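Visitor: Sharing a structure with you now.
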Amino acid sequence: MTTAPTLARTRAELEVALRPVPRSVVMTMGALHEGHLSLVRAARSRGEQVVVTIFVNPLQFGPSEDLDRYPRDLTGDLAQLTGPGLLGPGDVVFAPEPAEVYPDGDPVVRVSAGAIGEVYEGAVRPGHLDGVLTVVLKLMHLTRPDVALFGRKDVQQLVAVSRMVRDLDLGLSVVPVPTVRDEDGLALSSRNAYLTEDQRPAALGLSRALAAGERAAAEGADPATVRAVAQETLIAAGVLADYVALVDPLTFADLPEDDRPQSGSVSVLAVAGRVGDTRLIDNTDVRWA
Ligand code: PAF
């Protein structure tokens, strides 16, 4: 008896593999690490059938981004996905080629992330979140889940997907899953594979900047100070900062500079920057004193 999930490479194979039971989906671009596996474990406890999609979506990469160099290892990914608490018989890995997802070439009609897609990640990577939402919507239609799980690490993506599901009445639940970190605090990411040993201390600047911002907010600082403290920590670590965002967790709108939010309320502090050629992002919840 096989213990492996079904591998579907085409829409037709996927259709055959989907069973009429509650289903949860985890969408990935492969190069799986413990962060993805934590999503799969969380999916396991929510759906009778779990579908993991593995697809490097060209639509969400800009012309100067790392689409060709993005790590691809389907055999390694499949090996990681099989095991206790992960995928078994009856589950599905959907790993299509681009022509299977976009049979008519680049889609003419796309999803717009609206205002959420124009700031921070959206400003640094124009069109990125529109590309993400377009493929997420297609994969939701193809896999028809009751629950879709997304990591908190890509918090702006999580906010945009949650908003799309509400705004377009997609009729499924989006479940956020906490970021998994290495012991030293670095958030797990497929892009960490590009970092050299020498670059690791600088990369830790991101999680340190978040910790510094969180501390400042807990000690009574205002938003301007929290942003400044995080920015200074990034610069001191040698990170070429793209942004420090201190935003509302539901809309991704900026908090006013000197207006301290209500005590006990929670905002999102998100940072992004480059270490060498590698672009890293991270975020945390900030609770106000
Ligand atoms: O987070 C990712 O890996 C991607 O943006 C996603 C959600 C799989 C869409 O391609």
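Visitor: Listed residues LEU158, LEU168, LEU149, LEU234; which is out of contact with any Leu (no Cβ under 6 Å at 6 or more places or on another chain), closer than 30 Å to GLU13 by Cα and open to solvent by less than 30 Å² (accessible area, probe 1.4 Å)? Give the steps one after another, and end with the answer.
Guide: Values: LEU168 fails: open to solvent by less than 30 Å² (accessible area, probe 1.4 Å); LEU149 fails: out of contact with any Leu (no Cβ under 6 Å at 6 or more places or on another chain); LEU234 fails: closer than 30 Å to GLU13 by Cα.
Every option except LEU158 fails the conditions.
Visitor: Residue check: is GLY114 closer than 26 Å to LEU250 by Cα and either open to solvent by less than 20 Å² (accessible area, probe 1.4 Å) or within 16 Å of the ligand (Cβ to nearest atom) (or both)?
Guide: In short, no.
Visitor: Sticking with this structure for a sec: For VAL101, are the conditions met, namely being in contact with a strand residue (DSSP E or B) (Cβ under 9 Å, 6 or more places away or on another chain) and at negative phi?
Guide: So VAL101 fails the test.
Visitor: Out of LEU142, LEU129, which single residue is touching a Gly at 6+ places or on another chain (Cβ under 9 Å), part of a helix (DSSP H, G or I) and not hydroxyl-bearing (Ser, Thr, Tyr)? Lay out the reasoning, then the answer.
Guide: Details: LEU142 fails: touching a Gly at 6+ places or on another chain (Cβ under 9 Å).
Sole residue among the options that is touching a Gly at 6+ places or on another chain (Cβ under 9 Å), part of a helix (DSSP H, G or I) and not hydroxyl-bearing (Ser, Thr, Tyr): LEU129.
Visitor: Could you check segment 183-221 and list, in sequence order, the residues that are exposed (fewer than 15 other Cβ atoms within 10 Å of the Cβ) and not in a helix (DSSP H, G or I)?
Guide: Answer for segment 183-221, where residues must be exposed (fewer than 15 other Cβ atoms within 10 Å of the Cβ) and not in a helix (DSSP H, G or I): GLU183, ASP184, GLY185, THR196, GLU219, GLY220.
Visitor: Restricting to segment 14-67, name every residue that is of a type in the set (Gly, Ala, Ser) and away from the ligand (no atom under 13 Å from the Cβ).
Guide: ALA17, SER24, SER38, ALA42, ALA43, SER45, GLY47, GLY62, SER64
Visitor: Another question about this same structure. Which residues, counting only those in segment 258-279, are within 24 Å of the chain's Cα centre (by Cα) and either more than 26 Å from ARG125 (Cβ to Cβ) or open to solvent by 10 Å² or more (accessible area, probe 1.4 Å) (or both)?
Guide: From segment 258-279, those within 24 Å of the chain's Cα centre (by Cα) are 265-279; that's our starting set.
Result: SER265, VAL266, ARG274, GLY276, ASP277, ARG279.
Visitor: Turning to a different aspect of this structure: Could you list all residues from segment 29-70 that are polar (S, T, N, Q) and in contact (Cβ under 8 Å) with a residue 40 or more places away in the chain? Explain how you work it out, then say what you get.
Guide: Filtering segment 29-70 down to residues polar (S, T, N, Q) leaves 38, 45, 49, 53, 57, 60, 64.
Once the filter is applied, which keeps residues that are polar (S, T, N, Q) and in contact (Cβ under 8 Å) with a residue 40 or more places away in the chain, segment 29-70 yields SER38, GLN49, THR53, ASN57, GLN60.
Visitor: Then there's this: Could you list, in sequence order, all residues of segment 280-289 that are of a type outside the set (Val, Ile, Thr) and crowded, with 22+ Cβ neighbours inside 10 Å?
Guide: LEU280, ASP282, ASN283, listed by residue number.
Visitor: VAL119 versus (1) over 17 Å from ASN57 (Cα atoms); (2) touching a residue at least 40 places away in the same chain (Cβ under 8 Å); (3) in a helix (DSSP H, G or I): which is the lone unmet condition?
Guide: Going through (1) over 17 Å from ASN57 (Cα atoms); (2) touching a residue at least 40 places away in the same chain (Cβ under 8 Å); (3) in a helix (DSSP H, G or I) one by one, VAL119 breaks only (3).
Residue-wise test of (1) within 22 Å of ARG72 (Cβ to Cβ); (2) touching a residue at least 24 places away in the same chain (Cβ under 8 Å); (3) within 14 Å of the ligand (Cβ to nearest atom).
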position	(1), (2), (3)
ARG110	no, yes, yes
LEU129	no, yes, yes
LEU137	no, yes, yes
PHE150	yes, yes, yes
LEU170	no, yes, no
THR179	no, yes, yes
GLU183	no, no, no
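The values are calculated or read from the model by the stated rules, or taken from the named source; none is laboratory data. Since the model is a prediction, treat every value here as computed from it, not as a measurement. Positions of Cβ are backbone-derived with ideal geometry, glycine not excepted, and every protein chain shown enters the neighbour counts. Please note that ligands, DNA and RNA were not included when accessible areas were found on the heavy atoms of the full protein model with its side chains. Shrake-Rupley method; radii C 1.70, N 1.55, O 1.52, S 1.80 Å.
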